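Accompanying notes for the structure given below.
The values are calculated or read from the model by the stated rules, or taken from the named source; none is laboratory data. The model shown is predicted, which means the values in this text are computed figures rather than measured ones. Heads up, the Cβs are rebuilt from the backbone with ideal geometry, glycines too, and the neighbour counts pull from every protein chain shown. When the accessible area is computed, the model is the full protein with side chains, heavy atoms only, and any ligands, DNA or RNA have been set aside. Shrake-Rupley method; radii C 1.70, N 1.55, O 1.52, S 1.80 Å.
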Amino acid sequence: MSNNQYLFNLGSRFKSVASQKSDSVAVLFEEQKLTYSELDRQSDAMATYFIQSGLKVGDLVCISGTKNITAVICILGALKAGVTYSVFDPESPQPRLLKIFDRCNPALVLCENQLTVSIPSDKFKVADYTKLQLPANEDDNAAVVSNHLKSITAATAAYVMFTSGSTGFPKGATMTHQNVLNLIDWSIQTYGIGAGEVFTSVNPFFFDNSVFDLYSSLFSGSTIALFDGQAVRDSRKLLRLIDEFKCTSWFSVPSMLIYLQTMRALNADSFSSLKRIIFGGEGYPKARLVELFDLLSHRISFYNVYGPTECTCICSSYKVESNDFADLKGFLPLGKLAPNFSGWIVDEALQIVPDGQQGELLLGGPNVGMGYYRDHERTNLAFVQNPTHSAYRDMAYRTGDVVLHNPDDDKIRIMGRADNQIKHMGYRIELEEIENALSCIESVAQTAVIHCELRGISQIVAFVKLKSDTEEDEIRKVLKGLLPAYMIPTKFSFVQYLQKNANGKLDRKQLKSDYLGQRVNG
Amino acid sequence: MLALKGKVCLVTGGASGLGLEIIEQLLREEAVSVIFDIESEGFRALQNRPDLAVFKCDVTDEEQVANSIKAVTEQFGQIDVLVNNVGILYSAPLISFGGGGLKLHDSSEWQRVISTNLSSAFYMTKHAVQAMLTRRTKGVIVNITSISARGNAGQSAYSAAKAGLEALTKVWAKELPVFGIRCFAVAPGFCDTESTHVAVNETILQDTIKRVPLKRLGKTAEIAAFVVAGIKNDYLNGKVLEIDGGLVI
């Protein structure tokens with residue numbers, strides 16, 4: 001694909017792909033389609049707009065994550081201009097969005113008209129991306145971009161992806177052009193991505209799983225088929241469109257596939273063109289996965305992927321085989337680490353533990369990101385020196401995932417977390433952020449939030465001690481103004497007191513064990 | 001015994017309280033669990049759950065009921081179990097003397113309680129049974145009534161609605177077995193739920209607890225387990241099963 005060009009940034013890489021695939025379809029969305037040459041021209045115009053608006057390499061632009069072709073053009077335009085982008089959830093509560101904007105200090109916020117009015121224009125430069133006056137001369141735009149691409153290095157930050165933070169403040173994982181170029185090459189190699197591939201994009205652009213869809217498709221000459229939230233929720237329509245678009249590659253959290261199973265939407269003829277189903281972001285209960293595997297594995301390969309947002313979202317891929325279902329308890333193991341990743345299992349002092357002993361997984365190598373955007377304190381806590389040497393600066397990321405390597409089968413399995421971070425529907429959530437939000441409610445005296453799995457389905461349960469009578473729906477309404485929908489607890493349990501452990505801290509373990517006990521015995 | 005794995009079980013008012021607890025216990029039995037409820041924050045939260053099918057339906061509106069039942073049968077192919085759980089608790093005497101003088105039971109509240117607690121079950125069962133017959137499904141209808149059906153002072157509308165529901169239970173238990181459908185009711189006593197605390201004065205509630213031989217309120221998990229056990233029991237038909245800690249003996 002590279003034709004011996006030195007393609008050291010994503011903009012150059014995309015232009016190279018677009019020149020070779022100019023008439024191929026790049027993006028499908030509802031009734032619309034865009035070829036590579038059209039996408040190249042339109043993203044050139046967007047990049048030129050950024051450059052002519054005074055945005056410089058390394059400046060940050062926040063883009064609304066509504067699923068449509070314009071958002072894709074904005075993202076590619078930002079990459080070509082060397083402007084770091086951060087996609088935000090347009091439905092996220094305004095206080096949380098403003099916290100993110102305050103942290104980013106964006107040079108520009110691009111969103112739909114209805115959102116522009118709610119973002120303070122005295123603090124941020126806001127524009128409606130559907131009404132931008134983009135420079136029209138295609139040759140001039142191409143020349144501006146071509147000249148500008150030289151100033152974007154592999155170390156330039158490509159994007160910032162915000163995830164939940166324990167202090168109630170989201171963290172912005174920052175990835176470079178090089179990190180993403182590595183992901184693209186790994187993806188093409190690992191999955192044998194060839195001609196005629198069509199990737200589903202069922203993940204929102206503000207969710208890190210979307211990184212795989214977007215980059216594995218548009219930077220390999222494949223097609224990306226966009227599905228918005230409404231299409232994803234309508235299981236039968238989604239399956240029909242996937243067949244109509246002749247999608248070959250699916251990537252989602254297991255929850256989305258489980259939903260299709262729950263809705264009895266899948267049968268032996270479903271996903272007629274798919275070659276592979278890739279899932280990650282949370283565990284897929286084997287008891288549910290086996291039903292899907294038995295139905296489709298004769299013509300579709302299944303992969304379980306793992307990786308943190310801070311390391312381009314995927315660092316391992318495990319091909320599921322029928323012998324993985326010898327027992328139906330628990331979840332699948334992780335795959336071997338991708339080339340370009342190093343991994344160590346360490347104790348609390350960051351010392352490597354003996355083989356067969358569990359510890360925290362530490363990831364190193366060139367796919368480790370730059371840390372958290374404008375957040376040195378939390379970057380220094382999570383990004384540490386490679387534990388095998390101190391000869392030079394060589395950063396590794398503390399995943400917080402407690403894992404165990406089994407020397408007998410040479411597989412790594414996730415055993416839990418070293419902190420209170422959880423995965424719910426694939427989203428990373430710090431339970432403390434939910435507790436902080438609950439504590440802002442006047443009628444709430446005390447609260448503890450736990451995460452558990454019932455029949456393999458993730459649930460967030462909030463235990464709340466009230467100061468005054470308040471209905472659950474009222475609490476949910478207030479929370480909706482403070483947290484994104486996926487962070488609002490699945491269940492509320494109103495209690496007279498909250499159990500503390502011997503150290504006087506809230507005893508989450510006991511709460512969880514009591515809650516699960518009730519579910520099992522009740 | 002009826003194995004619930006893969007059976008399509010529909011619970012009205014399933015987005016909270018006892019309804020949600022019944023749903024959770026049906027999920028434990030690996031049933032396909034379907035909720036009918038009106039829009040609320042809790043309802044919206046459940047729409048994100050991958051293991052549930054959630055339908056927005058005001059069950060007091062027959063047209064909505066008919067359309068939603070049709071949507072369920074199109075989605076899942078059948079309905080095996082219907083739990084008429086939706087209900088609102090309303091307490092008011094027929095006539096009372098207060099600071100403002102004579103006060104009469106509000107007729108619009110009467111209509112609201114009868115519509116939600118009784119008419120909804122009639123609409124739901126009518127259309128669910130039609131779906132069961134069309135698809136030739138053997139089915140179970142469960143009505144959640146209350147020990148108030150015996151006539152609780154201060155609960156004209158609620159008691160009448162629940163008594164009506166008990167009567168329907170007996171009618172359907174006689175009419176429907178010929179089609180392979182049985183019907184029973186579960187009548188919980190006072191339960192430790194948000195709606196009980198909102199609707200019943202705390203002093204009255206404490207007094208009630210003293211009269212319960214087990215000296216406590218029921219738990220929704222206990223009632224739900226009883227409902228599920230009844231659904232599974234193929235020989236249960238036409239009975240109103242009271243579960244109240246011995247309050248009524």
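Report yes if some residue within segment A:455-464 is modelled with pLDDT of 90 or more and over 23 Å from residue A:417 (Cα atoms); otherwise report no. There is at least one residue in segment A:455-464 that is modelled with pLDDT of 90 or more and over 23 Å from residue A:417 (Cα atoms).
Restrict the check to segment B:81-104 and report whether at least one residue is open to solvent by 20 Å² or more (accessible area, probe 1.4 Å) and within 12 Å of another protein chain (Cβ to nearest Cβ). No: zero hits.
Each row is one residue, and each column tells you yes or no for (1) modelled with pLDDT under 90; (2) closer than 23 Å to residue B:164 by Cα.
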| site | (1), (2) |
| --- | --- |
| B:181 | no, yes |
| B:188 | no, yes |
| B:197 | yes, no |
| B:201 | yes, no |
| B:204 | yes, no |
| B:211 | no, no |
| B:218 | no, no |
| B:228 | no, yes |
| B:236 | no, yes |
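Looking only at residues of segment A:77-112 that are within 18 Å of the chain's Cα centre (by Cα) and farther than 21 Å from residue A:372 by Cβ, we find that the one that is most open to solvent (accessible area, probe 1.4 Å) is A:91. On the stretch given as segment A:186-208, residues that are in a helix (DSSP H, G or I) and open to solvent by 10 Å² or more (accessible area, probe 1.4 Å) total 5.
When each of A:185, A:228, A:208, A:213 is tested for being more than 14 Å from chain B (Cβ to nearest Cβ) and either of a type in the set (Phe, Trp, Tyr) or in contact with a helix residue (DSSP H, G or I) (Cβ under 8 Å, 6 or more places away or on another chain) (or both), the lone residue that passes is A:208. Just one residue in the set B:33, B:16 is among the hydroxyl-bearing types (Ser, Thr, Tyr), open to solvent by 10 Å² or more (accessible area, probe 1.4 Å) and within 13 Å of chain A (Cβ to nearest Cβ); that residue is B:16.
Scanning segment B:121-144 for any residue that is outside any helix (DSSP H, G or I), open to solvent by less than 10 Å² (accessible area, probe 1.4 Å) and not hydrophobic (A, V, I, L, M, F, W, C) turns up at least one such residue. Is there any pair linking a residue in segment A:338-353 that is surrounded by 13 or more Cβ atoms within 10 Å (Cβ to Cβ) to one that is among the acidic types (Asp, Glu) and modelled with pLDDT of 95 or more, with Cβ under 6 Å and at least six apart or on different chains, and which? That search, which allows pairs on different chains as well, returns A:346/A:360; A:353/A:347.
Against the conditions (1) free of Cβ contacts under 8 Å to residues at least 60 places away in the same chain; (2) more than 10 Å from chain A (Cβ to nearest Cβ); (3) surrounded by 20 or more Cβ atoms within 10 Å (Cβ to Cβ); (4) in contact with a helix residue (DSSP H, G or I) (Cβ under 7 Å, 6 or more places away or on another chain), residue B:110 satisfies every one except (3).
Just one of the listed residues (B:157, B:121, B:128) is touching a Leu at 6+ places or on another chain (Cβ under 9 Å) and under 22 Å from residue B:89 (Cβ atoms), namely B:121.
Summed over segment B:185-221, residues that are more than 22 Å from residue B:153 (Cα to Cα), within 13 Å of chain A (Cβ to nearest Cβ) and more than 15 Å from the chain's Cα centre (by Cα) total 1.
Within segment A:39-74, count every residue that is part of a strand (DSSP E or B) and among the aliphatic types (A, V, I, L, M). Number satisfying all stated conditions: 3. It is to be established whether one or more residues within segment B:86-107 are assigned to a helix (DSSP H, G or I), more than 21 Å from the chain's Cα centre (by Cα) and farther than 27 Å from residue B:228 by Cα. Taking every residue of segment B:86-107 in turn, at least one turns out to be assigned to a helix (DSSP H, G or I), more than 21 Å from the chain's Cα centre (by Cα) and farther than 27 Å from residue B:228 by Cα. Candidates in segment A:318-336 are the residues that are touching a Ser or Thr at 6+ places or on another chain (Cβ under 8 Å) and free of Cβ contacts under 8 Å to residues at least 24 places away in the same chain; of these, the one that is most open to solvent (accessible area, probe 1.4 Å) is A:336.
Within segment A:259-307, the residues that satisfy the criterion of being polar (S, T, N, Q), away from chain B (no Cβ under 14 Å) and in contact with a helix residue (DSSP H, G or I) (Cβ under 8 Å, 6 or more places away or on another chain) are A:270, A:272, A:273, A:297.
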